[in-house]
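Below is one structure, written out as structure tokens; the observations come after it.
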């Protein structure tokens, strides 16, 4: 498992393709949803004080990532969107339908949570049990073991490079908008 910077870096790395589909504001909103969600699978570190869960257990599965995305996406669509309708209208340039808010936010949440699994697959066996991302369907671990957990250069390097990539795309997208007079 990489550290916090590495998990956020992985979430941002997997979010780079959003720039192909969405504009600047929507892409930034996607990043703002995906990045913190990348930390939620490690909630098992806190839950194990109360519940009999193990690290890299159920919270480190595709099923958890999908469930989390669906629940948080539904929450965003039913609670947040109606209360912030005027802000969303100003921010996104139009009133998105509830289904659009759900799909957009669920995809962002799934990207963040599943990026955590990818990061841990690349680094888990060093100090933690291997990730079994397809529980409960199979308990076969998936191990790549290419990154050491405390690799400062890797964790902060990835985060820095990905932030540079996003910043460059954001800047170029702004230039394109100004050049087209939009």
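The values are calculated or read from the model by the stated rules, or taken from the named source; none is laboratory data. As the structure is a computational prediction, the values presented were derived from the model and not from experiment. Here Cβ is always computed from backbone atoms with ideal geometry, including for glycine, and neighbour counts include all displayed protein chains.
Cβ separations smaller than 7 Å between residues 6+ apart or across chains give the following pairs from the range 139-157 residues that are under 15 Å from residue 8 (Cα atoms) to residues that are surrounded by fewer than 14 Cβ atoms within 10 Å (Cβ to Cβ) and modelled with pLDDT under 85: 149/126; 149/127. Here the helices (runs of 4 or more DSSP H) wholly within the range 17-71 that include at least 1 residues being closer than 26 Å to residue 129 by Cβ are 24-37, 44-47.
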